[in-house]
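Engineer: Quick one: structure below, then a few questions.
Values quoted throughout were computed directly from the atomic coordinates according to the rules given, and no laboratory measurement underlies them. Model, not experiment: these values are computed from the prediction. No Cβ is skipped: glycine too gets one built from the backbone with ideal geometry, and neighbour counts run over all protein chains shown.
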């Protein structure tokens, strides 16, 4: 156990190459911390159109692998880039599957062939290992798109000389997205038919990729302690609470860390002016710059500016925001939002921009630089999520002195402590019930402290000194990798 662990990160997305949400941040940051702790880490992901056009150096390896899918064998090219100029990132290329504008779905819905796309990717990950002679101790794989990997390891590759000793650790970032498909697609997986049953991959006469990961991985993790408990209940379990309770001894919550190399106002290259907790004058400049970016009046410099950066989806609490919009905009404040997602919210926020041109700045887009500018320039950050497995923006906001107003769920509950004016402890504001009035009351409470200089300064101090760096979380993952390996060895010796 003293030799460096060899870890393969199998992920459908990773910063800086492709991103739809927090998973990409994790897949781009955790490997760096693990490498710093002495692990040998490689990353593997699909070769999307966005990767091709990313501008990052990419090398075609001249290697072609053949991937069985149903009765066919489909070829895949392999490309190589690097994270941090050190960690190799391999890309599985097949144009008909991955050369598309979006990763998993368009604003109108999921791609019709997602089952084929991610059966292909999951199987290709393992064939890649065989071809390269890379025998990882751990495959740490993420979300439903990779859920089949442990099913393959426990069946087709059970006695494979390269993969027989590989343990799998499966991380659930969002249980609501499960990768469910018609049972007729099961034959495409190449898995033994006995795995299609209620104790295995079958789920109400469909195949469920997320369930496969939960059933067959040695260890399962989620991205906060609170979320690991919530998903074992009917409210948050989306039908999988029973199987999660059954596997609870192997289910762990590890809070996502933050890469302060990327998210720190003291040296953020995206900002017009840098700042830290000792000198906040740069934050004022960032607020002015943000207002200019959204063509909002300079008068908003002197009132609370509310920010949101989010996937525009029901999960994120936008139905609550819809209910309170008119009352919210009757207050003396500004509002900026960045995100893409469901068409109904694209339409809603386009209307908001027209209705409140002096108060609301809306950008329906993915824009990393603007995300940094919002974190720095806003005063308050809103996250009224129905559920939130971890959430990263509230943690980024703390570092930038942008006070979070959140619903007490999942990682939001684990990271944000309500401000107490008596003890002067706490780093934000929270509301409990999923209720529009409670959300509005929490915003009003936060705004009331904005004008109380002493309290506001204390809040900023508390927020900016909070530490959610990856080191602690990476150490927890390292312990779980060892646990997964012991479990794997136990199953081999049995």
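Engineer: Mean separation of Cα pairs under 8 Å and 6+ residues apart, divided by the residue count of the chain: what relative contact order is that in percent?
Structural biologist: Value for the chain: 13 percent.
Engineer: Report the label-to-label distance for residue 369 and residue 132 in nanometres (one decimal), using points 7 Å from each Cα along the Cα→Cβ vector.
Structural biologist: 3.3
Engineer: In what sequence, highest mean first, do 86-97, 482-493 appear when ranked by Cβ atoms within 10 angstrom?
Structural biologist: 86-97, 482-493
Engineer: May I ask you to order 28-40, 7-19 by the average number of other C-beta atoms within 10 Å around their residues, highest value first?
Structural biologist: 7-19, 28-40
Engineer: If we sort 183-195, 387-399, 368-380 on the protection proxy, mean other Cβ atoms within 10 Å, highest first, what's the order?
Structural biologist: Most protected by this proxy first, the peptides run 387-399, 368-380, 183-195.
Engineer: How large is the helix-only mean residue ellipticity at 222 nm for the chain, computed as the sum of -39500 (n - 2.57) over DSSP H runs with n ≥ 4, divided by its residue count, in deg cm²/dmol to the nearest 500?
Structural biologist: Helix contribution divided over all residues of the chain: -11000 deg cm²/dmol.
Engineer: Turning to a different aspect of this structure: For Cα pairs less than 8 Å apart in space and 6+ apart in sequence, what is the mean separation divided by the residue count of region 281-466, i.e. the relative contact order in percent?
Structural biologist: Value for region 281-466: 21 percent.
Engineer: Debye calculation, C-alpha points only, no solvent: report log10 I(q)/I(0) for region 136-224 at q = 0.11, 0.14, 0.21 Å⁻¹, in the same order as the q values.
Structural biologist: Per q value, in the given order, log10 I(q)/I(0) is -0.28, -0.45, -0.97.
Engineer: Between residue 61 and residue 183, how many nm apart are label points set 7 Å from Cα along the C-beta direction?
Structural biologist: For the pair residue 61/residue 183, the computed spacing is 3.8 nm.
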